[in-house]
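The values are calculated or read from the model by the stated rules, or taken from the named source; none is laboratory data. Note that the structure is predicted; figures quoted are calculated from it, not measured. Every residue, glycine among them, receives a Cβ derived from its backbone with ideal geometry; neighbour counts consider all protein chains shown.
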Amino acid sequence: NSADVLLQVPAMVDRLAPIPIRIRVLQEGVEWISLLSDTPDPALLARFSLEAGTLPELSIRVFDNSLDGILAVATTASRYLAARRTFQRPEPEPEPESEPEQEPAPEAWVPAADTGTDTAIALDDFVIDALGGIEFPGPAPAAGPPPLLDDKLKLSAALVGETTVVRLSSGSLLQQLGGAEADAERWISELELMYGERRVLSGELSSAVWHQPFFQFAFAGGKAGDQLALRWLGSDGSRGQLTAEIAPQ
């Protein structure tokens with residue numbers, strides 16, 4: 001653990017919620033900040049390239065129930081600085097034992113009143129007549145994959161002193177729990193933040209950070225009313241862009 005890397009992670013994390021992580025490096029000239037799983041064979045969760053003027057700090061959320069620790073690595077031109085943090089997960093509460101369902105008692109048979117006739121009903125003909133004229137809908141068209149970015153994903157920026165703070169967030173679950181595991185195959189794998197012709201930051205992302213995305217970082221300079229553009233590349237090859245105007249402080 002390097003004293004120059006401040007890594008904040010909750011000591012206890014919820015199994016059903018993303019893990020909030022904050023990284024701050026107390027060194028100048030940081031070129032990369034990487035986030036990995038703290039395992040014998042670390043897996044890359046996210047990696048960001050910081051351009052000149054971008055502050056060496058960021059906030060992010062990660063969702064991966066196999067994790068019990070995070071490793072952050074900051075890279076300068078001549079050094080590697082690292083910090084690790086572990087956390088615990090509460091044990092799931094055992095489900096209460098349900099009583100076995102009892103079969104309902106059979107209804108008593110009541111003979112029909114004798115009408116003096118013995119008329120047989122052709123059930124098939126009766127059903128066909130009753131359903132005559134009803135049009136049954138055909139099979140519903142197969143739904144295509146949902147877009148990687150929905151209208152709930154928001155890019156925002158604001159001046160704070162002499163820096164511009166940028167945030168990309170979504171309150172919705174872009175990868176649903178349980179029902180849409182296939183969405184784990186589609187996520188934004190690369191992004192690039194541009195301020196005019198100046199590239200501020202670029203990143204490589206794993207699916208672990210795309211469950212309920214949140215990113216926050218800052219760069220020196222910026223002017224209220226100027227435009228930022230976030231270009232992205234999806235793991236499925238799709239591309240897109242979000243824009244935001246820098247708000248005054």
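Go through region 35-58 and count every residue that is closer than 16 Å to Leu201 by Cα and either buried (at least 20 other Cβ atoms within 10 Å of the Cβ) or free of Cβ contacts under 8 Å to residues at least 24 places away in the same chain (or both).
Total meeting the criteria: 8.
Does Gly237 satisfy the condition of being modelled with pLDDT under 90, farther than 23 Å from Pro18 by Cα and part of a loop (DSSP other than H, G, I, E, B)? Talk me through it step by step, then tell me what you get.
Working: modelled with pLDDT under 90: yes; farther than 23 Å from Pro18 by Cα: yes; part of a loop (DSSP other than H, G, I, E, B): yes.
Yes.
I need the full set of residues from region 226-244 which are without any contact (Cβ under 8 Å) to a residue 60 or more places away in the chain and over 19 Å from Val165 (Cα atoms), in order please.
Residues satisfying the conditions are Leu233, Ser235, Gly237, Arg239.
Could you list, in sequence order, all residues of region 11-27 that are farther than 21 Å from Leu81 by Cα and part of a loop (DSSP other than H, G, I, E, B)?
Correct list: Ala11, Val13, Asp14, Arg15, Leu16, Ala17, Pro18.
Looking at region 153-170, I want the residues that are under 18 Å from His211 (Cβ atoms) and crowded, with 19+ Cβ neighbours inside 10 Å and have a partner that is aromatic (Phe, Trp, Tyr) and modelled with pLDDT under 95 with Cβ atoms under 7 Å, at least 6 apart or on another chain. Which pairs are those?
From region 153-170, the pairs are Leu168/Phe215.
Looking at region 59-76, which of the residues that are over 16 Å from Val5 (Cα atoms) and either small (Gly, Ala, Ser) or touching a strand residue (DSSP E or B) at 6+ places or on another chain (Cβ under 9 Å) (or both) is surrounded by the most Cβ atoms within 10 Å (Cβ to Cβ)?
Residue satisfying both the conditions and the ranking: Val62.
Could you please give the count of residues in region 147-178 that are modelled with pLDDT of 85 or more and among the small types (Gly, Ala, Ser)? Please lay out each step first, then the result.
First, pick out the residues of region 147-178 that are modelled with pLDDT of 85 or more: 154-169.
Remaining after also requiring among the small types (Gly, Ala, Ser): 156-158, 161, 169.
Adding up the residues that qualify gives 5.
Sort out which residues of region 29-59 are of a type in the set (Val, Ile, Thr), assigned to a strand (DSSP E or B) and more than 12 Å from Leu71 (Cβ to Cβ), and write them in order of number. Please lay out each step first, then the result.
Step one: of region 29-59, the residues of a type in the set (Val, Ile, Thr) are 30, 33, 39, 54.
This time we only want the ones that are assigned to a strand (DSSP E or B), so: 33, 54.
Of everything in region 29-59, just one residue is of a type in the set (Val, Ile, Thr), assigned to a strand (DSSP E or B) and more than 12 Å from Leu71 (Cβ to Cβ), namely Thr54.
Does Leu16 satisfy the condition of being surrounded by fewer than 15 Cβ atoms within 10 Å (Cβ to Cβ), hydrophobic (A, V, I, L, M, F, W, C) and within 20 Å of the chain's Cα centre (by Cα)?
Numbers: surrounded by fewer than 15 Cβ atoms within 10 Å (Cβ to Cβ): yes; hydrophobic (A, V, I, L, M, F, W, C): yes; within 20 Å of the chain's Cα centre (by Cα): yes.
Judged against the criteria, Leu16 is a match.
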